[in-house]
1. Restricting attention to the stretch 215-240, report how many residues are farther than 21 Å from A107 by Cβ and touching a Lys or Arg at 6+ places or on another chain (Cβ under 8 Å).
2. Condition first: touching a residue at least 24 places away in the same chain (Cβ under 8 Å) and either within 18 Å of L249 (Cβ to Cβ) or β-branched (V, I, T) (or both). Now tell me which residues in the stretch 287-300 satisfy that.
3. Find the residue count for the stretch 181-200, including only residues that are polar (S, T, N, Q) and under 26 Å from N303 (Cα atoms).
4. Out of everything in the stretch 174-220 that is under 16 Å from the mean Cα position of the chain (by Cα) and of a type in the set (S, T, N, Q), what residue ends up being nearest to G307 (Cα to Cα)?
5. Pick out the one residue from I105, I47 that is surrounded by 18 or more Cβ atoms within 10 Å (Cβ to Cβ) and part of a loop (DSSP other than H, G, I, E, B).
6. Check the stretch 82-99 and report whether any residue there is without any contact (Cβ under 8 Å) to a residue 60 or more places away in the chain, touching a Pro at 6+ places or on another chain (Cβ under 8 Å) and assigned to a helix (DSSP H, G or I).
7. Report, by residue number, each residue of the stretch 195-212 that is assigned to a helix (DSSP H, G or I) and in contact (Cβ under 8 Å) with a residue 60 or more places away in the chain.
8. Of all residues in the stretch 278-296, which are assigned to a helix (DSSP H, G or I) and of a type outside the set (D, E, K, R)?
Amino acid sequence: MTSSPVGPQPSDWVSSEPGVLPDSVQGQLIFRLAPKSWHPFLQLARIDRPIGWWLLLLPCWWSSALASLVQGVLPHGSHLFLFFIGAIAMRGAGSTYNDIVDRDIDAKVGRTRSRPLPSGRVSVRAAKIFLVAQCLVGLVVLLSFNAFTIALGFASLFFVGIYPFMKRITSWPQGVLGCAFAWGGLMGWAAAFGSLAPAPIFLYLGAILWTIGYDTIYALQDVRDDSLAGVRSTARLFGDHVRFGVGLLYTGAILSIAAALIAAGAGFLAAAGLILFALHLAWQVHEIDPGDEQKALRLFRSNRDAGLLLFAGLVFEVLRLAILR
């Protein structure tokens with residue numbers, strides 16, 4: 001009898017409870033309160049996986065805090081709240097769109113075959129209607145900002161639109177995802193100034209590299225099934241060198257964000273936040289195990305905490321400067 005490979009097998013991803021996805025965060029209040037008929041739509045919007053909207057939101061908050069630092073004002077509370085609502089809505093819309101495009105591929109991958117569309121719990125027509133509804137929420141949020149930010153927000157739709165198709169034609173779909181998910185690195189600054197500058201551009205580049213790194217870790221969960229389905233990713237591309245590859249990406253992210261802080265004239269508390277962020281990323285790289293899909297998911301989710309450390313450093317720097325003034 002041969003030994004089984006290390007880590008969970010594709011069949012292990014299938015939940016024994018119908019309608020419960022294997023990588024969901026269980027026990028959320030919204031699922032306990034919402035009617036059962038709503039659950040597939042909450043799953044389409046990834047409400048059961050809040051890490052997605054957190055990772056979309058954090059570059060927005062970084063950028064907004066960096067702008068506050070340069071302006072010498074307290075954090076823009078209304079902007080932070082609007083970005084929060086917008087991140088949830090547009091993460092949901094992007095995920096719904098992705099699931100519509102990828103429903104046939106998702107049916108071939110153990111971790112995703114029980115999603116609402118490939119499992120048949122939601123029709124394609126219903127998913128499209130739900131997609132439009134989420135986009136309208138995002139549009140209302142976007143229209144709350146200045147004209148430059150509105151135009152910039154619409155420009156991000158290019159990367160959102162092409163992302164689901166990239167895994168079919170390139171081993172770097174994570175790069176396109178990075179361009180989309182990191183867009184907030186420009187938006188927070190634009191909302192404050194109505195323009196861009198070197199600082200948010202460096203921040204955007206850093207957020208792109210961070211996104212490619214953490215999504216490579218996320219993709220480790222699907223390497224086996226992706227190879228069978230013909231889906232390409234940086235996790236498959238890096239192979240046994242995935243720790244080195246993610247390490248390079250994270251190093252680039254840290255250097256780019258450091259350049260953003262220097263360009264903005266940030267002080268020691270912002271630098272401390274970046275150091276804590278860097279130490280967290282270094283810990284992730286050390287912990288990567290290509291054969292352990294469950295650890296890959298935990299490391300991926302931990303990027304919320306990494307991003308919050310950087311944001312906290314920026315906010316404390318803004319508050320320090322406000323006190324000095």
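1. 0
2. Residues satisfying the conditions are I288, P290, A296, L299, F300.
3. Here the count works out to 0.
4. Looking at the filtered set, the residue picked out is T211.
5. Only one candidate qualifies: I47.
6. Yes: one or more hits.
7. P198, A199, P200, F202, L203, Y204, A207, W210, T211
8. Correct list: A278, L279, H280, L281, A282, W283, Q284, V285, H286, Q294, A296.
The values are calculated or read from the model by the stated rules, or taken from the named source; none is laboratory data. In this text the structure is predicted, and so the values were computed from the model without any measurement. Neighbour counts run over all protein chains shown; Cβ positions are idealised from the backbone, glycine included.
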